[in-house]
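A quick write-up on the structure given underneath.
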Amino acid sequence: MGKTIRQLSEELKLSKQAINQRINSLNGFRSKHTYKVKNHLEVDDQGVKMLANFDKQKRQERQQNQQDKNDKDENIDRILLKQLDVKDQQIANLQQALDQQQKLQIATVAENHQLKEHVRKLSGLLESSSSTQQQQSNDKDDTLSNSDNASQSKGKENIVDTDKKQKKTRKNKAQLNWWHFW
């Protein structure tokens, strides 16, 4: 035997409008659980139980929806945290590569500076030795001018030969010293 909306409102301590709202919010409730007796709408026993448990059911649905949303948010959070860890690792690797590049750059600049200093020293030695050789050749030329032309030409050839030999040995030494750094 069913109950009227007025009886349900007194039993559930709700207004008749609240009972009607619950009936309307449940899909197919009117067609399955209500029937008309004279001028009154009555709800069968199964419908009464559904209306009595309406709050519990809605609460459970809300809790389930909230739980689903929380699970989804947690999954998104996990994914974002993993991505953040990967990005942190990439940044650390890039920072390390940058540090290595800077150290290499500093070492290259220092090595270039050393090589320039070494080249300056070598060029200074070559200049001083060439000026010494010119003085020696001038002195020899003066002494040779007093001797006869035949001996003079032989002396010049010897000087030219010795100059060439000395220059070759200096170049070889300079090249060996230069490539020593590489």
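The values are calculated or read from the model by the stated rules, or taken from the named source; none is laboratory data. Predicted, not measured: the structure shown is a model, and the values here were computed from it. What goes into the accessible areas is simple: the full protein's heavy atoms, side chains included, and nothing from ligands, DNA or RNA. Shrake-Rupley method; radii C 1.70, N 1.55, O 1.52, S 1.80 Å.
Some notes on this structure:
- Taking amide H as placed 1.01 Å from N in the peptide plane, the amide H of Leu41 sits under 5 Å from that of Ile5, each at least 5 places away or on another chain.
- With 18 Å as the limit on Cα-Cα distance, the pairs of Lys13/Lys49; Lys49/Lys69; Lys3/Lys38; Lys13/Lys36; Lys3/Lys56; Lys32/Lys56 that go past it are Lys49/Lys69; Lys13/Lys36; Lys3/Lys56; Lys32/Lys56.
- With N as its number of residues, the range 28-98 has a Cα radius of gyration that, divided by 2.2 N^0.38 Å, comes to 2.41.
- Computed in the context of the full set of protein chains, the accessible area of the range 1-114 at 1.4 Å probe radius has 50% of its extent on carbon or sulfur.
- With semi-axes defined as the square roots of five times the eigenvalues of the C-alpha gyration tensor, the equivalent ellipsoid of the range 5-142 measures 105, 11, 9 Å, largest first.
- Per residue, the convex hull volume that the Cα atoms of the range 1-69 enclose (Å³): 90
- Remark: C-alpha extents of the range 59-114 on the principal axes read 81, 9, 5 Å, sorted largest to smallest.
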